[in-house]
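Undergrad: One structure, pasted below without further comment.
We did not get these values from a lab; they are worked out from the coordinates using the rules stated. What you are looking at is a predicted structure, and each value in this text was computed from that prediction instead of being measured. Ideal geometry is used to build each Cβ from the backbone, glycine not excepted, and the neighbour counts take in all protein chains shown.
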Amino acid sequence: MQEKIDQLIEELKQKFEEVKTMQHLNDLKVAQLGKKGVITELNAAIKDIPNDQKKAYGEQVNRVRTFFNEKFTEIQKKIEEEIVNQKLQKETIDISLPGKKIKTGSKHPFNRIIEEVEDLFVSMGYDVVDGPELEDDEHCFRLLNYTVGHPARDAQDTFYIDEEYLLRTQTSASQSRVMQANKEKGPIRVICPGKTYRRDDDATHSHQFGQVEGLVIDKNISLADLKGTLEIFARKLLGEDTKVRFRPSYFPFTSPSCEVDVSCFNCGGKGCSLCKRTGWIELLGAGMVHPNVLRMGGYDPDKYTGFAFGTGLDRLAMFKYSIPDIRYMYSNDIRFLKQFDRCDVEK
Ligand code: PHE
């Protein structure tokens, strides 16, 4: 019996040597310890062994079973380790490989310029206000001294919704709203950036564009205050060397009115294609608030004076970021927008 078991153990050693996979190992277990397994049957045969030999027989069967179980555990561990090692090898990370490029969005130049203008005026104590894009004739024109049939209305190709409502052609509409909303009729110092609409469409005009309006009303506000403010505005936004020039102009809601030019930042004033060889670029319209406008807004023009200015945001962004065509601002071309994903974009 002992020899038989020794032989069996030798055979099992051989079989274990050949085991390569978990499946093999389990098959081997079934073949030895399963219902009809070799060791199981040896064990069952104990009932036919004479009583005096039962103990020795049982010991021999236990020997092979113990051998099998120990070897089984050993090989099982080995295979499991191999599986883990293989997995680790497959999943190793090559830290020398370049990382995945994460695509981030960028701030649109329109919002970027609004933020710059807002920061500047907030630092000078202005409030930022909003106004409706769907305006009425009253706020966009009548309260701004454009009487019905006023010829200056023709200068603004307006999108009318009906007799009364229109898409605001200028953020100046917010001037009348802010004055109306100020119940105490006290001092005002606001800017109003936003979208405006006119029936226009070419490389420098879009049917939708942006403006920022400024309005200051207080006692003793003079043209000098307007000049000083706009000089700071131009220098801070376009560079300290920027020269500013005031030309007389006309707007129904300001008197006197002016247009403000800045020295061309492309050529420094020498003359180039951007400034049409003049050395100057038109930046904004401005003036002292017309007494009629103050009166219609509920202010006494004998006590209060004020100034207002309005400039195109797209133009400002185009100058600052060297954008050649206004339509880029509204076409959502990713190649254009991507150029603004660095936060420190400067001209
Ligand atoms: N609203 C005027 C325009 O669109 C600009 C302007 C604003 C002029 C404020 C004077 C004062 O042309």
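Undergrad: Only four residue types carry charge here, +1 at the Cβ of Lys and Arg and -1 at the Cβ of Asp and Glu. Report the dipole size of segment 156-298 about the Cα centre in Debye, rounded to the nearest 20.
TA: Approximately 440 debye in magnitude.
Undergrad: Assigning unit charges at the beta carbon (Lys, Arg +1; Asp, Glu -1) and nothing else, what dipole magnitude in debye, to the nearest 20, does the chain show about its Cα centre?
TA: 780
Undergrad: With a Förster radius of 41 Å, plug the Cβ-Cβ distance of Y250 and I102 into 1/(1 + (r/R0)^6) and report the FRET value to the nearest 0.05.
TA: Efficiency computed from Cβ-Cβ geometry: 0.20.
Undergrad: What stretch of the chain, leaving out the sites themselves, is the longest with no GluC sites (Glu not before Pro) in a DSSP loop having at most 11 other Cβ atoms within 10 Å?
TA: Maximal segment without exposed cleavage sites: 241-345.
Undergrad: Filter the trypsin sites (Lys or Arg not before Pro) in segment 259-305 down to the DSSP loop ones having no more than 16 other Cβ atoms within 10 Å, then list what survives.
TA: For trypsin sites (Lys or Arg not before Pro) across segment 259-305 that sit outside H, G, I, E and B with at most 16 neighbouring Cβ atoms in 10 Å, the list reads K270, K276, R277, K303.
Undergrad: Sticking with this structure for a sec: Once the dipole of the chain is set up with Lys and Arg at +1 and Asp and Glu at -1 on Cβ about the Cα centre, which of L294, I217, W280 lies farthest towards its positive end?
TA: The Cα lying farthest towards the positive end belongs to W280.
Undergrad: Something else now. Quote to one decimal, in nm, the extra length available between D48 and E74 on full extension: 0.36 nm per residue of separation minus the C-alpha distance between them.
TA: That pair, D48 and E74, stretches by 6.0 nm at full extension.
Undergrad: To continue, here is another question. Test of understanding: extend the Cα→C-beta vector of A181 to 7 Å, then name every residue of segment 114-148 with backbone N under 13 Å from that spot.
TA: From segment 114-148, the list is 127-133.
Undergrad: Which of the trypsin sites (Lys or Arg not before Pro) found in segment 156-188 are loop residues per DSSP with 10 or fewer other Cβ atoms within 10 Å of their Cβ?
TA: K183
Undergrad: When you have a sec, figure out the Kirkwood radius of the chain from all distinct Cα pair distances and drop it here in Å to one decimal?
TA: Roughly 27.0 Å, rounded to one decimal.
Undergrad: Sort all Cα-Cα distances of segment 78-232 into consecutive 10 angstrom bins from zero, then give the percent of pairs in each bin up to the one containing the longest distance.
TA: For segment 78-232, the pair-distance distribution reads 9, 27, 26, 12, 5, 6, 7, 6, 3, 0.
Undergrad: Where a ≥ b ≥ c are the square roots of the eigenvalues of the C-alpha gyration tensor, would you call segment 2-90 rounded, which needs a/c under 1.5, or, failing that, prolate if a/b is larger than b/c, or oblate?
TA: The shape class here is prolate.
Undergrad: Hey, for a label at M22 modelled as a point 7 Å past Cα toward Cβ, could you say which residues of segment 68-83 have their backbone N under 20 Å away?
TA: Under cut-off, by backbone N: 69-83.
Undergrad: Something else: Give the angle, between 0 and 90 degrees and rounded to the nearest 10, that separates the Cα long axis of helix 109-123 from the longest principal axis of the Cα atoms of the chain.
TA: So the helix axis and the longest Cα principal axis differ by about 60 degrees.
Undergrad: What is the sum of charges around G285, taking Lys and Arg as +1, Asp and Glu as -1, for the other residues whose C-beta is under 13 Å from the C-beta of G285?
TA: Net of charged neighbours comes to -2.
Undergrad: Under a crude label model (7 Å from the Cα following the beta-carbon direction), how far is F336 from N266 in nanometres?
TA: If labels sit at F336 and N266, their model points lie 1.7 nm apart.
Undergrad: Determine ³J(HN,Hα), in whole Hz, for all residues of segment 41-58 in sequence, where each value follows from phi through the Karplus function 6.51 cos²θ - 1.76 cosθ + 1.60 and θ = phi - 60°; x replaces Gly and Pro.
TA: Each residue's phi maps through the Karplus curve to give 5, 4, 5, 5, 5, 4, 5, 8, 8, x, 3, 6, 9, 4, 4, 4, 4, x Hz.
Undergrad: What's the extension gain from A152 to H205 if we count 0.36 nm per residue and subtract their Cα-Cα distance?
TA: Between A152 and H205, full extension yields an extra 17.2 nm.
Undergrad: Which lysines, if any, have their Cα less than 22 Å from the Cα of K227, not counting same-chain residues under 8 positions apart?
TA: K219, K236, K243, K303, K320
Undergrad: Run the numbers for V30 and E133: contour at 0.36 nm per residue of separation, minus the present Cα-Cα distance, in nm.
TA: 28.9 nm
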